[in-house]
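Below is one structure, written out as structure tokens; the observations come after it.
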Amino acid sequence: MSAGAGVGAGVGASAQVLLRLQVRAIRMLAERTHAFELACPEGTPLPDVNAGAHVDIHLPGGLVRSYSLAGDPRDRSHWLLGVLRETDGRGGSRTLHDGVRVGDVLPVSAPRSAFQLVPGAAHTVLLGGGIGITPLKAMAHELAAQGASFELHHCVRSPRHAAFAAELRATVPAGRLHQHFDGGDPAQGLDIAALLARPAAGTHLYYCGPAGFMQACADASRHWAPGSVHFEHFKPPAALAPATAEGGFEVLLARRGIRVQVEPEQTIVRAIELAGLRVPTSCLSGLCGACKTDYLEGEVEHNDYILSDDERQRCLTLCVSRSRSPLLVLDL
Ligand code: FES
């Protein structure tokens, strides 16, 4: 397998080593949506992944974007992405669709698993909106392989917009796959509140999709047992608190003995970069975990969407977190 170190004077343990993977195939999945298969050029098996994991793809032009792996986690011959071409996005999906061809080699990070199945659930509900089906498809493969009890709901505009429809039919046991077409009006689609109204004991819920869908799922599952609801945003919610709204503070990179001032208008990532160091990043929105870092001292204001309460006791995301204390000591 080809691998190359990250560029620059990097700090942080994650995403330092990049795999160099070849685009093995590109195929149309649905309207404006394509599958991209990535494999080692030498045919070497890829690293193990957990269902729900994502990777950072380093795209032509310097963009780095996170994408969930949609394939069967037990199939190490290739990694599968399902990508919607967004015309009003930040350019990553356009670059992938318009600028990447079969045979191209792309630097790809090791997989990260911020969204993963909890073992031993009595039953699992997978709920995907649009292209948010991608991590849930991987989970469906895993649950099917385990013989676990689960159901999958895919909420989408129309059959033309339903990515991975054939693969899901082949993976999810009969009667457990439910596609809901709303014609573009969520009120005409799945009644999420009704679906989630009465969770049976031991049931876990996983959901991923666009902002309105995420809000509907969050509202409908507030009464579920603590620890039984899991979700992944692929865009920051509209109400994202600005990462740079509060006052300045100082960051100490403990392993290097370097002090960095973070100004009120800066992120910690930017302040560290201005000090001549580089932090692995991807989404810059608190969604992907690429910049997740341990801290040793300080009171952190977490503004991310991925860390659990337990992780927040020791980690922060450098792209959106702030410090409420004058000094924040990082394990860097
Ligand atoms: S870069 Fe994605 S969480 Fe910070």
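The values are calculated or read from the model by the stated rules, or taken from the named source; none is laboratory data. The structure displayed is predicted, hence computed values, not measured ones. Quick reminder, even Gly has a Cβ in these numbers, built from the backbone with ideal geometry, and neighbours come from all protein chains shown.
Summary table below
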item: Residue match in segment 164-179 (condition: surrounded by 22 or more Cβ atoms within 10 Å (Cβ to Cβ) and either over 22 Å from the mean Cα position of the chain (by Cα) or part of a loop (DSSP other than H, G, I, E, B) (or both)); result: yes
item: G276 in a loop (DSSP other than H, G, I, E, B), at pLDDT 90 or above and over 28 Å from G130 (Cβ atoms); result: yes
item: Failed item in (1) without any contact (Cβ under 8 Å) to a residue 12 or more places away in the chain; (2) surrounded by 14 or more Cβ atoms within 10 Å (Cβ to Cβ), with E232 passing the rest; result: (1)
item: Wholly enclosed strands (runs of 3 or more DSSP E) of segment 6-68 bearing at least 1 residues at pLDDT 95 or above and over 23 Å from L126 (Cα atoms); result: 17-30, 33-39
item: Restricting segment 301-332 to residues that are of a type in the set (S, T, N, Q), within 15 Å of the ligand (Cβ to nearest atom) and touching a Gly at 6+ places or on another chain (Cβ under 6 Å), the residue that is modelled with the lowest pLDDT; result: N303
item: For E250: the one exception among (1) more than 16 Å from the ligand (Cβ to nearest atom); (2) among the acidic types (D, E); (3) assigned to a loop (DSSP other than H, G, I, E, B); result: (3)
item: In segment 268-294, the residues that are closer than 26 Å to F234 by Cβ, in contact (Cβ under 8 Å) with a residue 24 or more places away in the chain and more than 9 Å from the ligand (Cβ to nearest atom); result: I268, I272, R278, T293, D294
item: Near pairs, Cβ below 8 angstrom, 6+ apart or cross-chain, from segment 194-216 (in the same structural domain as G82 (by TED's automatic domain parsing) and closer than 21 Å to G132 by Cα) to any residue that is surrounded by fewer than 18 Cβ atoms within 10 Å (Cβ to Cβ) and of a type in the set (D, E, K, R); result: none
item: Close pairs (7 angstrom Cβ cut-off, 6 or more residues apart or separate chains): on the phi > 0 side of the Ramachandran plot in segment 297-321, more than 14 Å from the ligand (Cβ to nearest atom) anywhere; result: G298/S323; G298/S325; G298/L327; G298/L328; G298/V329
item: Test set (1) within 16 Å of the ligand (Cβ to nearest atom); (2) surrounded by fewer than 21 Cβ atoms within 10 Å (Cβ to Cβ); (3) closer than 18 Å to G52 by Cα - G227 fails condition number; result: (1)
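Rundown of residues vs (1) among the β-branched types (V, I, T); (2) not in a loop (DSSP other than H, G, I, E, B), yes/no style:
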{"position": "T281", "(1), (2)": "yes, no"}
{"position": "L307", "(1), (2)": "no, no"}
{"position": "S325", "(1), (2)": "no, no"}
{"position": "V329", "(1), (2)": "yes, yes"}
